[in-house]
Amino acid sequence: MKDFTRRRFGQTVAAAAALAGSSIPGFAFGQTGAAGSEADHDSGRKFPDGFLWGCATAAYQIEGGAKEGGRGPSVWDVFSHTPGKTHNGDTGDVADDSYHLYKEDVRLLKNLGVQTYRMSISWPRIFPEGKGQPNPAGLDYYNRVVDELLANNIAPFVTLFHWDLPAALPGGWQSRSTSLAFSDYAAYIARQLSDRVKHFMTTNEIACFTDLAYRDGSFAPGLKLPLKDVYQIRHHGILAHGLGVQAIRANAKGPVQVGLAENAQVFVPVMETEEHIRAAQRATRVMNAPFLTALMEGKYIDEYLHSIGSDEPRVEAGDFAAIASPLDFVGDNVYICNYVSAAGTPTGFEIEPWPSSYPRMYSRWITISPECAYWAIRNVCDLWHPKAMFITENGTPSADVLTADGRVADLDRVMYLRNHIANVHRAAVEGYPIKGYFLWSLMDNFEWDDGYSTRCGIHYVDYKTLKRYPKLSAEWYRELIKRNEVV
Ligand code: NOJ
């Protein structure tokens, strides 16, 4: 209660200070007929100085070059080549061919004016067998990408594992030794890249490469195992993260910032009153128990242990010390949320069902609820007080149509992004330590089981020619970055 009051007070002061301190660059208004110039117009939507803007991608989704430079197969190569697993049988064999076109992709980033780029490294490009002998040609590719980014003043934020697990690792995430292999891989990358890369993320969305891959079977390797096995696999996932943090810190050549990119479930209070706000916080803690909560609290909380009963995973001595390794930042991929109310249930909250009329984006899973970006930050910060947070992904598919003159007017994507970023702004001016935002994605790419049927990029990719075209959303994002302000 006291904390709550202090925080609100701090937020008010911070918001006032941020607004008072905002200075707007002196562009003249265009042909809008608006009175005055932008110099004397304070939109109140300026971000703090030094806020980092970026775009995000992942190796398997953009690189292609699946068999080049000594790369070994990942579980996604095997899965996507198995009939019936992805839309239309699409694979990442070629994807956006960023393996060859990376310089062009850096030019796209440069043109947007981003300060940062979130990319991932393909583990089987570095260790074709998952462990053992590293592949120098694989590392060379990332050396070239990192150098090209730095030459253009773009800071790489590197994710070590964005789902492309080396297929050669026996049992995949069912085996504890995969967590240990991940730690060796993380150590190697830290030794090789930390002279130039200063921000590392261990894993991306642990629930996706555990639950979706081994419980639901919709992601590689496509298994539907009993829940007891799934709980063990989740444990290996969070253990890999923890061992990875330790390995990066122990092997980095200089100071680096280490975090991860989670997709913590977001809960928005049905109304902003204290009881519902507290319910949203409780829901955040309980519903993320196997993942972010375990990392932040160094244990499986009672609610989780109670729900899994005798299927509890085997936890070895020292596991939680690694899992709870202090982080420099928490990254969260934010797309969707649930609304919650306070309730007299044992957990103290109730998740509201979606009315069938609730609006959605051009997606089977993305509802229109932009305030999730604010609550994603606030719930995590109020619960666990991380040193810093980043939105490591946010974006949406839309039914993009490339016109004959090379334009894509993706108004719905701009609407989605603008509203989410306005909510990130709210968190920033209230004093939450949100330091940057990565838009998913720089360009259309291989959207996992949806293949190429779903386009999430702000650059349109013509998959026949591999030519990239900036969409309206790219022009919009460029303007926002230039002004450091919601536009
Ligand atoms: C989250 C994942 O990290 C990314 O790989 C995926 O493409 C986006 N969500 C959009 O679904």
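Per the Cα gyration tensor, the stretch 190-268 maps to an equivalent ellipsoid with semi-axes of 29, 14, 11 Å, ordered largest to smallest. What shape does the stretch 337-425 have by the C-alpha gyration tensor, where a ≥ b ≥ c are the square roots of the eigenvalues, rounded means a/c under 1.5, and otherwise prolate means a/b greater than b/c and oblate the rest? It comes out oblate by the Cα gyration axes.
Among the listed pairs K103/K464; K224/K299; K67/K103; K435/K467; K131/K253, those whose Cα-Cα separation exceeds 29 Å are K435/K467. Using every pair of separate Cα atoms, the Kirkwood estimate puts the hydrodynamic radius of the stretch 164-296 at 16.1 angstrom. Across the stretch 148-165, computed HN-Hα scalar couplings (Karplus, 6.51 cos²θ - 1.76 cosθ + 1.60, θ = phi - 60°) run 5, 5, 5, 4, 9, 6, 10, 7, x, 10, 9, 9, 7, 9, 10, 5, 8, 5 Hz from first to last residue, x flagging Gly and Pro. Estimated at 0.36 nm per residue, the fully extended path between L225 and E104 surpasses their Cα-Cα distance by 39.3 nm. Whole-Hz Karplus values for the stretch 194-199 come out as 6, 5, 10, 9, 10, 10 Hz, taken residue by residue from phi with 6.51 cos²θ - 1.76 cosθ + 1.60 and θ = phi - 60°; glycine and proline positions read x. Full extension of the segment from S175 to Q115, taken as 0.36 nm per residue of separation minus the current Cα-Cα distance, would add 17.8 nm. For the stretch 58-69, putting each phi into the Karplus relation 6.51 cos²θ - 1.76 cosθ + 1.60 with θ = phi - 60° gives couplings of 9, 3, 5, 7, 10, 6, x, x, 4, 10, 9, x Hz, in residue order, rounded to whole numbers and with x for Gly and Pro. Modelled spin labels at Q246 and S310, positioned 7 Å past Cα toward Cβ, are 3.2 nm from each other. Stretched out straight at 0.36 nm per residue, the stretch from L472 to Q133 would grow longer than its current Cα-Cα span by 117.5 nm.
Across all directions, the average projected area of the convex hull around the alpha carbons of the stretch 46-136 is 8.1 nm². Helices in the chain, meaning DSSP H runs of at least 4 residues, each add -39500 (n - 2.57). Divided by all residues, the mean residue ellipticity at 222 nm is -11500 deg cm²/dmol. Restricted to Cα atoms, the chain shows a radius of gyration and a Dmax of 22.0, 69 angstrom.
Mind giving me the FRET efficiency for H87 and T465? R0 is 22 Å, r the Cβ-Cβ distance, nearest 0.05 is fine. Given R0 = 22 Å and the Cβ-Cβ separation, E is 0.55. What are the residues whose amide H is under 5 Å from the amide H of H459, where those residues sit 5 or more places off or on another chain and H is modelled from the backbone? Amide H neighbours of H459, under 5 Å, 5+ apart: M443, D444, K471. Based on the convex hull around the alpha carbon atoms, the stretch 281-360 presents an average projected area of 7.4 nm².
Using the alpha-carbon positions of the stretch 356-485, Rg (one decimal) and Dmax (whole number) come out as 15.8, 51 Å. When restricted to Cα atoms, the stretch 436-487 yields an Rg and a Dmax of 12.5, 37 Å, respectively.
Amide H contacts under 5 Å for H199: V158, Q257, restricted to partners 5 or more places along the chain or on a different chain, H placed in the peptide plane at 1.01 Å from N. Amide H contacts for E262 (H built 1.01 Å from N in the peptide plane; partners 5 or more residues away or on another chain; cut-off under 5 Å): E205, G331, D332, N333. Applying a 4.7 Å Cβ-Cβ cutoff to the chain, the cysteines left without a disulfide-compatible partner are C55, C208, C381, C456. Projected label points at H385 and R364, each 7 Å from Cα along the beta carbon direction, are separated by 4.3 nanometres.
Just so you know, all these numbers are worked out from the coordinates, no wet-lab data involved. Note that this is a predicted model, so its numbers are computed, not measured. As a convention, Cβ positions derive from the backbone with ideal geometry for all residues, glycine included, and neighbour counts pool all protein chains shown.
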